[in-house]
Amino acid sequence: MTRFKTSQLVASLLLTGTLVCSVIPAQAQPMMGDTGMHQDHEKMHKRMGQQWAKRQAELKAKLHLESSQEDAWNSFTQSMKPPAKPVWNFLDREELAKLTTPERINKMTAVHEANIAAIEREMKQRQEATRLFYSKLNADQQKIFDAETLPEQARMGWRHKGD
């Protein structure tokens, strides 16, 4: 999974989670064993952060940055760093169980909209940080950056239906 597809994965997980919460009765057991969904998301988030750090180190080595570009690199990586905790909120099943169906729908819609807005804010921040850093690279470094940040599907020649 590439860096720039992470937000799409998060959005997909969010939508799937919202759908599951609306279909499964409030009394159902947690889907992911005794630890519950929230802890599994935290583990996934931690693992993604570790993978991100590794990819950033590999990219920096390939770019052969000049000392004058170090500040730009540091700003870029700080801006791109995954947040300490996920930007989305989870629905509380016990709270949902106390609500009527229309209230549950309203609550799920409000949480969903807030989560999408948070994800969009994070994506815009990353886009701006990437554009700024890219402008500080020389032509050879830009080619390396382009190749290294190309989504995996495009590198492998995969296409969506209809393309």
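The values are calculated or read from the model by the stated rules, or taken from the named source; none is laboratory data. All values reported here derive from a predicted model rather than from experimental measurement. Reconstructed Cβ throughout: ideal geometry from the backbone, glycine too, with neighbour counts over all protein chains shown.
If a residue must be within 17 Å of residue 81 (Cβ to Cβ) and either surrounded by 15 or more Cβ atoms within 10 Å (Cβ to Cβ) or of a type outside the set (D, E, K, R) (or both), how many such residues does the stretch 61-70 contain?
Total meeting the criteria: 0.
Of the residues making up the stretch 76-85, none is assigned to a helix (DSSP H, G or I), modelled with pLDDT of 90 or more and among the small types (Gly, Ala, Ser). In summary, residue 97 fulfils each of the numbered conditions (1) out of contact with any Pro (no Cβ under 9 Å at 6 or more places or on another chain); (2) surrounded by fewer than 12 Cβ atoms within 10 Å (Cβ to Cβ) with the single exception of condition (1). The conditions of being among the polar types (S, T, N, Q), part of a helix (DSSP H, G or I) and at pLDDT below 85 are not met by residue 68.
Looking at the stretch 104-144 only, could you name the residues that are in contact (Cβ under 8 Å) with a residue 12 or more places away in the chain, polar (S, T, N, Q) and closer than 20 Å to residue 75 by Cα? 125, 130, 141 - these are the residues of the stretch 104-144 that are in contact (Cβ under 8 Å) with a residue 12 or more places away in the chain, polar (S, T, N, Q) and closer than 20 Å to residue 75 by Cα. Here the stretch 136-163 is the region considered, the condition is being modelled with pLDDT of 95 or more, in a helix (DSSP H, G or I) and of a type in the set (S, T, N, Q), and the residue that is farthest from the chain's Cα centre (by Cα) is 141.
Listed by first and then second residue, the pairs with beta-carbon distance under 6 Å, at least 6 apart or on different chains, first residue in the stretch 40-69 and more than 17 Å from residue 137 (Cβ to Cβ), second surrounded by 14 or more Cβ atoms within 10 Å (Cβ to Cβ), are 45/86; 49/82; 52/82.
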